[in-house]
Amino acid sequence: MTSLAQETQEPLRQVGLSTEVSDRERYSRQILFRGIGEQGQQKLAAARVAIVGCGATGSALAGLLARAGVGTLRIVDRDYVEPSNLQRQSLFDESDAAESLPKAIAAARKISAFNSRIVVEPKVDDLVPDNIETLLEGLDLILDGTDNFETRYLINDYAVARSRSWIYSAAVGSYAVTMNVLPGQTACLACVFPDSPRGMVETCETSGILNSAVNLVASIAATEALKLLVGGVQAPDLRQTLLSFDLWTNEHAEVSTAKPRPGCRACGERDFIHLAGKGRPHITLCGRNSVQIHERHRPIDFEEMDRRLRPHGSVRHNDFVLKFWHEPYEMTLFPDGRAIIKGTTDAAIARSLYARYVGS
Ligand SMILES: [Zn+2]
């Protein structure tokens, strides 16, 4: 009896063991790479990285760093998954879009399916001056997955003020651009772009975007992140340029960022206007014909709100978001009272819809 039980249990136990991958096995090909090695892998396991914005670039960055074994990833995103995201936002699938899942939550779920050994901290939130200290506290590196200069300047101010490294990344059309910002060492974003590029009105909606441009910029930025996490800010191979590449025309350029620009508002004069948060009542999202209402002290009971809105249009909700369709607008409400109103770029219209259906 005993031997029979042992015989039948043994293979089961082996099957059980084989599904649990040891870190040594999981990262073996990366440990073999001379730039990483055993010690580098241990540093990655101990590292804490923020990814701000989890759209196309953020998804690719999070996917690469999660698979590479970065121990803690904090993913900050204010948005939810839509069908038009699936062409390039590699962490999401059709069921996430059908459920309108917040991107941070969907990303954390997806990552846990391929690397359950790391910690992912999803934060469904909009990074603003009021919460940046809390959201980015205690992290070694900040990666840019955002789609707007307002948030990038905010990250830059915070990073320069706190002497924290961050990596700027952007992609639109077939064009990708990235730079490392190492405060006290290299130029910062405000050195290179003193003001947000007004002429550059290209957005993902007006110019479209190739998923390969996203993956290129994410690959470069994720590799710089690995160099930095393994070798520190003095790592000899860290790039000190603004690198841009147009995958369609094959044009590419590199501009040195090795030295800060004298008189730079942020890293020279230490005038952190974006961190001080001078007036940001509303944000128009990246070319999406949407306005965000930054109300965040209005806890919403979704059951009750669902009942209240039902006579005025169609409503649907899960634990994370409530969606309300009122032609020609679509409102997405979050539990803290924040809302994204689609179908207008007029802040006043959005405000009035919000006041009418949620509260003023
Ligand atoms: Zn600067």
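Just to check I understand the Karplus step: with θ = phi - 60° and J = 6.51 cos²θ - 1.76 cosθ + 1.60, what whole-Hz values come out for the range 220-232, glycine and proline as x?
Those phi angles translate into 5, 5, 5, 5, 4, 4, 4, 4, 5, 5, 7, x, x Hz.
List the trypsin sites (Lys or Arg not before Pro) in the range 32-99 that DSSP assigns to loop (not H, G, I, E or B) and whose Cβ has at most 11 other Cβ atoms within 10 Å. Which are they?
Sparse-neighbourhood loop trypsin sites (Lys or Arg not before Pro): R34.
Given only helices, namely DSSP H runs of n ≥ 4 each adding -39500 (n - 2.57), what is the per-residue ellipticity at 222 nm of the chain, to the nearest 500 deg cm²/dmol?
-10500 deg cm²/dmol
Could you give the size of the charge dipole of the chain about its Cα centre, using +1 on the Cβ of each K and R and -1 on the Cβ of each D and E, expressed in debye and rounded to the nearest 20?
Its charge dipole is roughly 540 debye.
Quick one: which residues, 5+ away or cross-chain, put their amide H under 5 Å from the amide H of R74? H built at 1.01 Å from N.
The answer is V49, A50, I51, E121.
Kindly flag which residue pairs out of K123/K259; K123/K227; K103/K259 have an alpha-carbon separation exceeding 30 Å in this structure.
K123/K259; K103/K259
Projecting each Cα onto the charge dipole of the chain (Lys/Arg +1, Asp/Glu -1 at the beta carbon, about the Cα centre), which of C191, L44, V76 comes out farthest on the positive side?
C191
Here, each number is a calculation from the coordinates, and none is a lab measurement. None of the values given here were measured: they were computed from a predicted structure. Here the Cβ is made from the backbone with ideal geometry for all residues, glycine too, and neighbour counts use every protein chain on show.
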